[in-house]
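Participant: Once you've had a glance at the structure underneath, I'll fire off some questions.
No value in this document is a laboratory result; all are computed from the given coordinates. Please read all numbers here as calculations on a predicted model, not as lab measurements. A quick note on method: Cβ atoms are made from the backbone with ideal geometry, for glycine too, and the neighbour counts reach across all protein chains shown.
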Ligand SMILES: C[S@@+](CC[C@H](N)C(=O)[O-])C[C@H]1O[C@@H](n2cnc3c(N)ncnc32)[C@H](O)[C@@H]1O
C-alpha cells in the first residue's frame, strides 16, 4: 500500500514539475535546459516534426574501469553535492584521473566553492600547483561574451573557494580572478599537465575556454570538461570541436558521467 502512495506522490511531483517547466519555468534558462533534456530523452529532433531518433551525444564513450581499474583516491565532501557541483561519482572519477596523471601543474576554470579544487589537491603531490580561475561577482556585467542566465547564481557568491580556504591542502592552490575570455593565459604556455574546464557553460565560452586551455597544455596532458551531457552549450561546442578540429578528435565521453576528456596529442 505504501508503494502505491509513494507512486502517487511521485506522479503528482512529476506533474507539478512538468507543469511548471511548461509554463512559468520557460522564462528561466535552467528550466528550458530541463525541457531540452526531456526532449532528448524521447529522442526527438527539437524544433522539427521529424521523429527520427537523434542522439546529441556523439562523442564515443570510454569506460571508467578502462581508465583506472580500481578506486584508490582520497576524498572529502564527496557526498555533499548540490547545485553547481560535480556528482559524487564524477568527483571520484576526477580524483582518480588526477591521481593517475600525477600533474605538476593543474589549471581549473570555474572555482565556485572549490569542492573539486580541494579534491584535486588531496590527490596530488606536495609540489603540485593548482591554479583556479573564477569570475568575480562584480565583473558579471562586463564579461566579453554572454554567460548563461542559469549560471549567474554560481558567479554571485560571497566567497570563491570556501571549501579549501583554511584547509592544509590549500597551500597547493593559487586563486586567480577574471573573465576566461580576457584572462592572460599566455604566461602559462606549455606548463599545464591537467586542466579542468567548468566555467561558463555558454557555447562561445566553452569554445573559448577549450582553445585557451589547449594553448597552455603540455603534450600528453589531460583536459577534463564537466557538463558535456548537462548543458546544450557544452555539448554543442564539444561536438563541434570533436567533429571539425583534428586537435580535439580524441575527446572521449566517460560513460555514466557528464565528463569528457582529451589526452593532448
Ligand atoms: C559550475 S561552477 C564551477 C564548479 C566547480 N568547478 C566545482 O566542480 O565544484 C562555475 C564557476 O565558473 C565561474 N565562471 C563563470 N563564467 C566565468 C568566466 N567567464 N570566467 C571565469 N569563471 C567563470 C563561476 O563564477 C562559477 O564559480
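Participant: Condition first: within 9 Å of the ligand (Cβ to nearest atom), free of Cβ contacts under 8 Å to residues at least 60 places away in the same chain and at negative phi. Now tell me which residues in the range 96-117 satisfy that.
Facilitator: Selection gives 113, 115, 117.
Participant: So is residue 161 on the phi > 0 side of the Ramachandran plot and near the ligand (Cβ under 8 Å from one of its atoms) or not?
Facilitator: no
Participant: What number goes with the only condition from (1) part of a helix (DSSP H, G or I); (2) more than 17 Å from the chain's Cα centre (by Cα); (3) surrounded by 14 or more Cβ atoms within 10 Å (Cβ to Cβ); (4) within 13 Å of the ligand (Cβ to nearest atom) that residue 140 does not pass?
Facilitator: (3)
Participant: Only one residue in 222, 238 is buried (at least 24 other Cβ atoms within 10 Å of the Cβ) and farther than 20 Å from residue 143 by Cα. Which one?
Facilitator: Of 222, 238, the one residue that is buried (at least 24 other Cβ atoms within 10 Å of the Cβ) and farther than 20 Å from residue 143 by Cα is 238.
Participant: In this structure, is residue 180 in a loop (DSSP other than H, G, I, E, B) and within 27 Å of residue 153 (Cα to Cα)?
Facilitator: Spelling it out, residue 180 is indeed in a loop (DSSP other than H, G, I, E, B) and within 27 Å of residue 153 (Cα to Cα).
Participant: In addition: I need the full set of residues from the range 184-210 which are crowded, with 18+ Cβ neighbours inside 10 Å and either assigned to a loop (DSSP other than H, G, I, E, B) or more than 15 Å from the ligand (Cβ to nearest atom) (or both), in order please.
Facilitator: Passing the criteria: 192, 193, 198, 199, 200, 201, 202.
Participant: Would you pick out the residues in the range 145-158 that are without any contact (Cβ under 8 Å) to a residue 60 or more places away in the chain and either more than 8 Å from the ligand (Cβ to nearest atom) or part of a loop (DSSP other than H, G, I, E, B) (or both)?
Facilitator: 146, 147, 152, 156, 157, 158
Participant: Inspect all residues belonging to the range 240-247 and state whether any of them is within 11 Å of the ligand (Cβ to nearest atom), more than 21 Å from residue 85 (Cα to Cα) and either in contact with a strand residue (DSSP E or B) (Cβ under 8 Å, 6 or more places away or on another chain) or assigned to a helix (DSSP H, G or I) (or both).
Facilitator: No, that holds for no residue.
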